[in-house]
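Single-structure report; data block below.
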Amino acid sequence: DGGITQSPKYLFRKEGQNVTLSCEQNLNHDAMYWYRQDPGQGLRLIYYSQIVNDFQKGDIAEGYSVSREKKESFPLTVTSAQKNPTAFYLCASSIEPGRPRYGYTFGSGTRLTVV
Amino acid sequence: ILNVEQSPQSLHVQEGDSTNFTCSFPSSNFYALHWYRWETAKSPEALFVMTLNGDEKKKGRISATLNTKEGYSYLYIKGSQPEDSATYLCAFELAAGNKLTFGGGTRVLVKP
């Protein structure tokens, strides 16, 4: 079955360490996105990519980095510069930009806790 | 940053009752309005993508309406069932951007 796989489901890291969250899709979707959720808040966009080897900052990109070397993969690195990294991270994909009728497909998320 | 608001934040519904809740979004540069259902421990699931003013969509007992001129959408649940318990998210798609700005969600709890 096609879908988005995020791993790991739970991740613990020490303060000051970089950590990379994995997101893989086998839907042949062009666009991929990373969102962050904090308690009591809506999903906020970190980074998005509409095509391989290209990506744009979202609303809260500071302290994060991404790469899009393959269509299927869009890993997110939470760097030590991110002041409040503890959060729930969701990856999503969509069939292609400019075709909204199908909506996004989401992964099941990674809960990152920095201690 | 675009402002997308959902109200109420949460509501309790008795099984069998109908309910509705609101999503407000900017009325300019509208491209599409999405609704998602997010059940606990699962991934958000797309319910509707609405693009035209006056659009109405239906999926089973759930339906949605759209008013792009005044910037709001309603989601209705008819005859609520316990399996309807979830957080319902709306998201605004800016013209030609294809990135979504989400509201804070409405958490619905259907009590048997």
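The values are calculated or read from the model by the stated rules, or taken from the named source; none is laboratory data. This structure is a prediction, so every number in the text was calculated from the model and none was measured. Every residue, glycine as well, gets a Cβ built from its backbone with ideal geometry; the counts of neighbours run over all protein chains shown. The area values use the complete protein model at the heavy-atom level, side chains included, leaving out ligands, DNA and RNA. Shrake-Rupley method; radii C 1.70, N 1.55, O 1.52, S 1.80 Å.
What is the average number of partner chain Cβ atoms found within 10 Å of a Cβ in B:44-51?
Details: counts 11, 4, 7, 1, 2, 6, 2, 2.
That works out to 4 on average.
Quick check on the protein assembly as shown: what are the equivalent-ellipsoid semi-axes from the Cα gyration tensor, as sqrt(5λ), descending, whole Å?
For the protein assembly as shown, the ellipsoid semi-axes come out as 29, 20, 16 Å.
Semi-axes of the equivalent ellipsoid for chain A, please: Cα gyration tensor eigenvalues, times 5, square-rooted, ordered largest first, whole Å. Write down the numbers at each step before the final one.
Details: eigenvalues 105, 38, 36 Å².
They are 23, 14, 13 Å, listed largest first.
May I ask you to derive the FRET efficiency for residue A:80 and residue A:26 from their Cβ-Cβ distance with R0 = 22 Å, giving the value to the nearest 0.05?
Values: r = 32 Å, r/R0 = 1.45.
E between residue A:80 and residue A:26, to the nearest 0.05, is 0.10.
If you count only protein heavy atoms with a 1.4 Å probe, what accessible area per residue comes out for the protein assembly as shown, rounded to a whole Å²? It would help to have the intermediate numbers written out before the result.
On the way: 11220 Å² over 227 residues.
Solvent-accessible surface per residue comes out at 49 Å².
If you keep only loop residues by DSSP, which GluC sites (Glu not before Pro) in the range A:15-115 have at most 16 other Cβ atoms within 10 Å of their Cβ?
Working: sites: A:15, A:24, A:62, A:69, A:72; in loops: A:15, A:62, A:69, A:72.
Answer by residue number: A:15, A:62, A:69.
On alpha-carbon atoms, Rg over Rh for the range B:6-112 using Kirkwood Rh? Before the final figure, lay out the partial values.
Working: Rg = 13.3 Å, Rh = 13.8 Å.
Radius of gyration over Kirkwood radius for the range B:6-112 works out to 0.96.
Shielding by partners for A:59-65, please: the mean number of other protein chain Cβ atoms within 10 Å of each residue's Cβ.
Numbers: counts 4, 1, 0, 0, 0, 0, 0.
For this peptide, the per-residue mean of nearby foreign Cβ atoms is 1.
With N residues in the range A:27-71, what two-decimal value do you get for its Cα radius of gyration over 2.2 N^0.38 Å? Please list the in-between numbers first.
On the way: Rg = 11.4 Å, N = 45, 2.2 N^0.38 = 9.3 Å.
Computed over Cα atoms of the range A:27-71, the ratio equals 1.22.
Under a 5 Å amide H to amide H cut-off, with H placed in plane at 1.01 Å, what residues pair with residue B:61 once short-range neighbours are removed?
none
Using the Karplus curve 6.51 cos²θ - 1.76 cosθ + 1.60 with θ = phi - 60°, what ³J(HN,Hα) values do you get for each residue of the range A:63-75, in whole Hz, with x for Gly and Pro?
Rounded to whole hertz, the list is x, 10, 9, 9, 9, 9, 7, 10, 4, 7, 10, 9, x.
What do you get when you divide the Cα radius of gyration of the range A:44-93 by 2.2 N^0.38 Å, with N the number of residues?
Values: Rg = 10.7 Å, N = 50, 2.2 N^0.38 = 9.7 Å.
That ratio works out to 1.10.
From largest accessible area down, sort B:38, A:34; use a 1.4 Å probe on the protein chains. Don't jump to the answer; show the numbers that get you there.
Working: B:38 30, A:34 0 Å².
Most to least solvent-accessible, the answer reads B:38, A:34.
Under 5 Å between amide H atoms, partner at least 5 residues away or on a different chain: which partners does residue B:13 have, H built in plane at 1.01 Å?
B:109, B:110, B:111
How many partner chain Cβ atoms sit within 10 Å of a residue's Cβ in peptide B:101-109, on average, as a whole number?
3
Using a 1.4 Å probe on the protein chains only, how many percent of the accessible area of chain B belongs to carbon and sulfur?
Values: 2480 of 5470 Å².
Solvent-exposed carbon and sulfur of chain B make up 45 percent of the total.
Given the pairs A:83/B:42; B:58/B:78; A:71/B:42; A:70/B:42; A:14/A:83, which are separated by over 18 angstrom at their Cα positions? All intermediate terms of the calculation are to be shown ahead of the outcome.
Working: A:83/B:42 28 Å; B:58/B:78 11 Å; A:71/B:42 24 Å; A:70/B:42 26 Å; A:14/A:83 13 Å.
Correct reply: A:83/B:42; A:71/B:42; A:70/B:42.
In Å² (nearest 100), what accessible area is buried between B and A, both sides summed, heavy protein atoms only, 1.4 Å probe? Display every interim value, and only then the final one.
On the way: alone 6350 and 6570 Å², together 11220 Å².
Roughly 1700 Å².
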